[in-house]
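In what follows, a structure is listed as structure tokens, so that the remarks can point back to it.
The values are calculated or read from the model by the stated rules, or taken from the named source; none is laboratory data. Just so we're clear, the structure is a prediction, and the values are computed from it rather than from any experiment. FYI the Cβ positions are ideal-geometry reconstructions off the backbone, even for glycines, and counts take in every protein chain you see. Protein only, heavy atoms only, side chains kept; ligands, DNA and RNA dropped before computing areas. Shrake-Rupley method; radii C 1.70, N 1.55, O 1.52, S 1.80 Å.
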Amino acid sequence: MSDIIFEVKDVHYSYLGKFPALCGVDMTIRSGEKIAVIGANGTGKSTLLQLLDGLIFPDRGTVTAFGERLLEHSEVYEKAAHRFRQRVGLVFQNADIQLFCPSVREDIAFGPLQFGVAEGEVNRRILEVADVLDIQHLLERVPHQLSIGEKRRVAIASVLAIDPDVYLFDEPTAGLDPLTVRHIIDFIVNANQRGKTIITATHDLHIIGEIADTVYVFGRNKSIVRGGSSESILNDRSLLESNNLIHIHRHHHDGREHVHQHLPLEPHD
Amino acid sequence: MSNPLHKKHDFIERSILSALAFLKDATLSEEYANRKGFLQSLDPRFKTISFLAFLVTAVSLKSAILISPLYVLCLILALLSRIPLRNFLLRTLFFIPLFSLFIVLPTLFSVVTPGEPLWSFHISGINAIITRPGLDGAVLFVLRVATSVSLVVLLSVTTRHSELLKVLRLFGVPQLFVLTVSMCYRYLYLFATMVENIFTAVKSRVGVVSHQRHGQNVVAWNIANTWNRTTQMSEEVYMAMLSRGYTGEPRLLSKFNATPKDWLWLLSAVVICAFLLYKGYSL
Ligand SMILES: Nc1ncnc2c1ncn2[C@@H]1O[C@H](COP(=O)(O)OP(=O)(O)OP(=O)(O)O)[C@@H](O)[C@H]1O
Ligand SMILES: [Mg+2]
């Protein structure tokens, strides 16, 4: 089928050959889907996104993108790589790493310029994405001197400027204030409505209902424990509980201490 | 506690922290570059060329009388560019010429520069005489250093470092080199911040760094750790560049906008330099 974007088959990956990060992952992602990958810390979410972005390559198993297998040293890949990178954009978990240019303006321009976009058009895009992400006032600043939330917006802007078909977001809302989280969710939903495929790694259950139709739960065994629609996963309390994804609250009520857990869809009491 | 060792520690610690803060402030903050002043409004290319011309002039002039107008020009430019004069003088007059004074001091005396004695005194049995040519030479030297340093400080303080790097690229420095420099600069900032953080972390873990041995171990471990972190980070940064289409030769924005004002400024700079050099030649 032509609308399949990623096909991941039995992928294994370990860092330096001894720290396993993914052990047997299968998934199929179609054009225009909204996917979330959730799991506790260290379950391999970031690793998966880097595999999908063709930055690292599986030890075993295959990753196929747009009908072609992603391989490190193949001529087909070398030639297709540029095209591939234009179609897939990754927003890294650590914005400090993503931003390496001397100014915000240049960081946003970096991607489009590598793809041969003319400078006039690049300047137009800079203004456009700065407007979308509300960072016009930061354009001349040095990226690494910004706050975490500002950096995150700039990182997203730098990928948005490339205008890829597929967005990979690694923890896009971690450590951000509620309003910024709101902006980023709106951005994701909006991009999806424009036909973009979105894959988000997160452990924030509260945002999943909005940013994903399909959810994959990664477990401690570094593979997919369950995949399914976001409602079915969010309603499976024992699944979420056994995968460290539910908040456990402990507080006092009328002098009695009481412990309870809660699901994202339930109100706090 | 009255333990002298503690006092020393405190002192060293405070000096290191304030030195770091100064480094970050002096080299890494772009506070003045973001102000709206005269030099900030010039095209970085024109600014760099004109300052190079001033610099060459200041270095080749052999008369204090001719260099002093250049120095006065620096002060006027600093004012026009909204750099507080006190801060500017502190940076230039105090910090760097302090070093050159060590070089100049010996040349004052008759042993090094013989000539008409101006003023003599005795230090522990040695008869020291300050000579007229010695003093003139010293004044010239100090003025020349002060002017050169002022020019460099003015240029670097009023230009965003990203723009200075772009100018480098225009002057034929390879892009990869420019990108490397800008990343080093970034690491420098990160490094300074990390060292600060480590200092605070060590302190919070060991209280005051009282147990010297332990403190040293923690610091040594942290330095190794920082190194690992930086190397791993540069690998990850490389991945981030790849992800956005980097193929080995980065393409960067190059637009500068020269206005008639820039040309006018460059013309005036050239005229000033030519005039001073002519005067210096015919003297
Ligand atoms: N550079 C590395 N070197 C060695 N091991 C690593 C490296 N990066 C990740 N790992 C290991 O790989 C596993 C998966 O890491 P990964 O970063 O993909 O997890 P994650 O799900 O993104 O976690 P988090 O929610 O904390 O971001 C972890 O056990 C981790 O220890
Ligand atoms: Mg991660």
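Here are a few things to note about the model shown:
- Index of the failed condition, A:GLU231 passing every other in (1) away from chain B (no Cβ under 14 Å); (2) open to solvent by 60 Å² or more (accessible area, probe 1.4 Å); (3) under 19 Å from the mean Cα position of the chain (by Cα); (4) not hydrophobic (A, V, I, L, M, F, W, C): (3)
- Members of the stretch A:205-226 found to be under 15 Å from A:ILE35 (Cα atoms) and open to solvent by less than 40 Å² (accessible area, probe 1.4 Å), listed by number: A:LEU205, A:ILE207, A:ILE208, A:ILE211, A:ALA212, A:THR214, A:VAL215, A:TYR216, A:VAL217, A:PHE218
- Within the stretch A:49-62, the set of residues being within 15 Å of ligand 1 (Cβ to nearest atom) and closer than 22 Å to A:ILE198 by Cα comprises A:LEU49, A:GLN50, A:LEU51, A:LEU52, A:ASP53, A:LEU55, A:ILE56, A:PHE57, A:PRO58.
- Number of the exception - A:GLN50 against (1) away from ligand 2 (no atom under 11 Å from the Cβ); (2) crowded, with 16+ Cβ neighbours inside 10 Å: (1)
- Summed over the stretch B:115-174, the residues that are open to solvent by 30 Å² or more (accessible area, probe 1.4 Å), modelled with pLDDT of 80 or more and part of a loop (DSSP other than H, G, I, E, B) give a count of 0.
- Of all residues making up the stretch A:84-113, the number that are within 8 Å of chain B (Cβ to nearest Cβ) and in contact with a Phe, Trp or Tyr (Cβ under 6 Å, 6 or more places away or on another chain): 4
- Test: residue in the stretch A:75-90 that is within 16 Å of ligand 2 (Cβ to nearest atom), modelled with pLDDT of 90 or more and either open to solvent by 60 Å² or more (accessible area, probe 1.4 Å) or not small (Gly, Ala, Ser) (or both): yes
- All conditions in (1) in contact with a strand residue (DSSP E or B) (Cβ under 6 Å, 6 or more places away or on another chain); (2) modelled with pLDDT of 85 or more; (3) within 16 Å of ligand 1 (Cβ to nearest atom) hold for A:ASN192, with the sole exception of (3).
- Residue list for the stretch A:88-102, filter: within 16 Å of ligand 1 (Cβ to nearest atom) and in contact (Cβ under 8 Å) with a residue 60 or more places away in the chain: A:LEU90, A:VAL91, A:PHE92, A:GLN93, A:ALA95, A:GLN98
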